[in-house]
1. Write out, first by first residue and then by second, each pair whose Cβ atoms fall under 8 Å of each other, whose residues are 6+ apart or on separate chains, and whose first residue, in the stretch A:203-226, is free of Cβ contacts under 8 Å to residues at least 40 places away in the same chain while the second is assigned to a loop (DSSP other than H, G, I, E, B) and buried (at least 20 other Cβ atoms within 10 Å of the Cβ).
2. Filter the stretch B:313-342 down to residues that are of a type in the set (Gly, Ala, Ser) and within 26 Å of B:Ser296 (Cβ to Cβ) and give me whichever is nearest to the chain's Cα centre (by Cα).
3. Looking at the stretch B:152-164 only, could you name the residues that are more than 7 Å from chain A (Cβ to nearest Cβ) and either over 21 Å from B:Thr99 (Cβ atoms) or touching a Phe, Trp or Tyr at 6+ places or on another chain (Cβ under 9 Å) (or both)?
4. Could you list, in sequence order, all residues of the stretch A:252-307 that are among the acidic types (Asp, Glu) and under 21 Å from the mean Cα position of the chain (by Cα)?
5. In the list A:Arg96, A:Arg138, A:Arg133, which residue meets the criterion of being of a type in the set (Lys, Arg) and farther than 21 Å from A:Ala183 by Cβ?
6. Looking for whichever is touching a residue at least 60 places away in the same chain (Cβ under 8 Å) and small (Gly, Ala, Ser) here; the options are A:Ala110, A:Ala62. Which one fits?
7. Sort through A:Ala152, A:Ala160 and tell me the only one that's within 25 Å of A:Phe42 (Cβ to Cβ) and of a type outside the set (S, T, N, Q).
Amino acid sequence: MSGARRVVVTGAGPVTCIGVGRADFARNVLAGTSGQRPVTSFDTTGFAHADACELSGFDPAAWCGGETPGRAAAFAVAAARLALADARLDPAALARAHVPVVVGTCDGEAAELDALAAASAAGEAVGTAAARRYAPIRLPLTVAAALGLREAEPVTIGTACAAGNYAIGYAFDAVRAGDAEVALCGGAEAVSRRMFSGFYRVGTIASDACRPFDAGRSGILTGEGAGMLVLESLGHALARGAPIHAEVIGFGANCDARHPVAPDSDGLAACIRLAHADAGIGPGQVDLISAHGTGTPVNDVTEVAAIRRVFGASPPPVISIKSMIGHAMGAASAIAAIAAVDSIGAQFIPPTINHIATDPACAIDCVPNTGRPARIGVVQNNGLAFGGNNAVLLLRRPEEASWN
Amino acid sequence: MELSIAATAAWSAQGPGPGAVARALTAGTPPAARHDPPSTPPPGVLDAHGFDLAAELGTKGTRSMDRATGLAVCATARLLAASGGDVPRDRSAVIIGTTNGSLGTILDFTETTYTAPKPYLVNPARFPVTVMNYAAGQCAIRHGVTGPNITLAGGRNAVALAFIYAARLIRAGRADDVLCGATEEYTSRRAWLEWRARPPGAVHAPVAEGCVMFHLTAARPGRAAVLAVATATGGRLAECLTTALRRAGVEPGEVWAAAGNGALDGCHDGESRAHRAVLGTGPRRVEAHTAVGDTSAASVGFQVLALLELAATDPAAAGRAAVTTSIDRHGLATAVVLRCPR
């Protein structure tokens, strides 16, 4: 794109079951900490197994002044505050700036919707407040209000489990084209009885642990949390002496247009190529792939097949942080993007934990169980979703770039 | 950000025909709401007139489909036909605006987890329909559209936000054509939630279903165009409209007509004041919801459609600008500036 600005990541705010804030999350994601624990946020009576990756002890009131919003919005507010602090940006300095606030989510205020269904099952009436609270447009609006971002451009992207990458792609395009100097983007999700029951019914909730790429993998663990990033034009970041954690160099999004739930390796391979073309790189320049890696039999085989189609017989390491934090749905790829930023910063590959034996049908180096140091110049972050959606993001180590 | 509007398609309480919304507005007779208590809330509801999902799309693979998705798939088919059928599907994006997907399906599905003998005895075929992006995915699958595929949970302002997104996708080279709009269905669940969420002072409009789709491209001379969109939080509608006009390079005196939906969320007076303050009293005033009801996420889409359809029969509109504003119950306002074709 001619006249395009370069876009950098200057702040990241992870709110996850293995760490809230960059330092805490980075330490645990690089160490391979598991966030798996028994579900507490809804009644699991009647399920044979019910582990998930919940945030225990998260206090919305500590992050949100005034009226406490829904769980997903509270996660988003916490993540946005952490991201701005990490970027050394005072929200007050952005009060008059046009700031896209872009939140990806699969199910919006899923816990609020669960509560509406529970009330209905119990024959209870729904009040005005409950009838308003679930609206997903409130995710960015709550972030903007909490941070005093008066000129926010609020966007809620509901592209299911690829929504986080989509949100980052949206902000990337806005900053790259010069519509904004700074954008806040990422994803937020709360665990819900609905998603748990749905995945349980179709046999994709892991019975013991989430084991991406393992021969014995049996599915996902549902997860929650938020990941918000500060994207900034390079010029703006340099002018204020901002910390530059990574450069966003490319994004690609497409739709298989084949199956409502099953992924397609042709479609994903095409999407990876779109992202590479957007960045002007070839597959040989990618040092690490942070996979969608859900740990279901079909996802991992399809995803690795697509990777092999693009990268040939020897792809770079392919890891899945879902082994640690479960599947945070609309927040998943945004949190994974933060893990990618942390990998770049530490020059260290996070492991894929719970690994016993790699499935020959998706044989890759998933960096089993223990992370390792590596030279990481470019990370590719994959996000897939129901509806045949694919979204791929490319992040580059700032030291690899020349700012001139 | 100028975008051309190459084609439109819709299905509302006025049926699917081109010009139906404008004819209803011109005639001034509101459609008769359906009252079916206790399924329907007091103002009644409006179904998409004559829309029979199975008749339109067949029974194969549609048994679990929600009506919002059915309407979107059907409107997209009509949109592609209206564009001549030669839209390159691999260079086309889909953007579907919504409030929260199929609320009826979501709540029915979840309620089953409380009422079934085992909590997981839900209908697996309905599971993907509970996910907000089901409609956008089905539009892509049934029409072979392989570009970016976006679900925009924008609520009342969804279509204005979708226009911003469409412009960015085209400018970034991610798509040449964007099939963009919003869809909402009648379910008792949605109707009651919408009714209960209404602020005091909101007009007593029927909760309505409807879908409206636009085929957007990079600017091409002679066509209807989206010139600019602006957003504002905190209910600042006048400021939002002023910003949109400035971005469009349009003087208030050039505005032929102004549409708004403030009445639906109890902001009728504030909206009137904002329009008067920015535009004066010259522009023709249009309230699309009087013809199609409260279509939630499709509201702005029907406002744009109404303006375009009215412009086609009003000689005063030729080559002039039209604006449409929107404000939701959370204080988010948007304004869209259009150029009517000559």
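The values are calculated or read from the model by the stated rules, or taken from the named source; none is laboratory data. The structure presented is a predicted model; accordingly, all values stated were derived computationally and were not measured. In this analysis, Cβ positions are derived from the backbone assuming ideal geometry, glycine residues included, and neighbour counts consider all displayed protein chains.
1. Close Cβ pairs satisfying both conditions: A:Gly203/A:Gly219.
2. Per the criteria, the residue is B:Ser326.
3. First pass over the stretch B:152-164, keeping only residues more than 7 Å from chain A (Cβ to nearest Cβ): B:156-160, B:162-164.
B:Val159, B:Ala162, B:Phe163 - these are the residues of the stretch B:152-164 that are more than 7 Å from chain A (Cβ to nearest Cβ) and either over 21 Å from B:Thr99 (Cβ atoms) or touching a Phe, Trp or Tyr at 6+ places or on another chain (Cβ under 9 Å) (or both).
4. Initially, the stretch A:252-307 is screened for residues among the acidic types (Asp, Glu), giving A:256, A:264, A:266, A:278, A:287, A:300, A:303.
If the condition is that a residue be among the acidic types (Asp, Glu) and under 21 Å from the mean Cα position of the chain (by Cα), then A:Asp256, A:Asp264, A:Asp278, A:Asp287, A:Asp300, A:Glu303 are the ones that fit.
5. Values: A:Arg96 fails: farther than 21 Å from A:Ala183 by Cβ; A:Arg138 fails: farther than 21 Å from A:Ala183 by Cβ.
From the options A:Arg96, A:Arg138, A:Arg133, the qualifying one is A:Arg133.
6. Going through A:Ala110, A:Ala62 in turn, just one is touching a residue at least 60 places away in the same chain (Cβ under 8 Å) and small (Gly, Ala, Ser): A:Ala110.
7. Numbers: A:Ala152 fails: within 25 Å of A:Phe42 (Cβ to Cβ).
When all the criteria are applied, what remains is A:Ala160.
Okay, residues lined up against (1) in the same structural domain as A:Asn28 (by TED's automatic domain parsing); (2) over 24 Å from A:Ile281 (Cβ atoms); (3) under 14 Å from the mean Cα position of the chain (by Cα); (4) modelled with pLDDT of 95 or more:
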site	(1), (2), (3), (4)
A:Gly312	no, no, no, yes
A:Val318	no, no, no, yes
A:Met324	no, yes, yes, yes
A:Ala328	no, yes, yes, yes
A:Ala337	no, no, yes, yes
A:Ile364	no, no, no, yes
A:Gly371	no, yes, no, yes
A:Gly387	no, yes, no, yes
A:Leu393	no, no, yes, yes
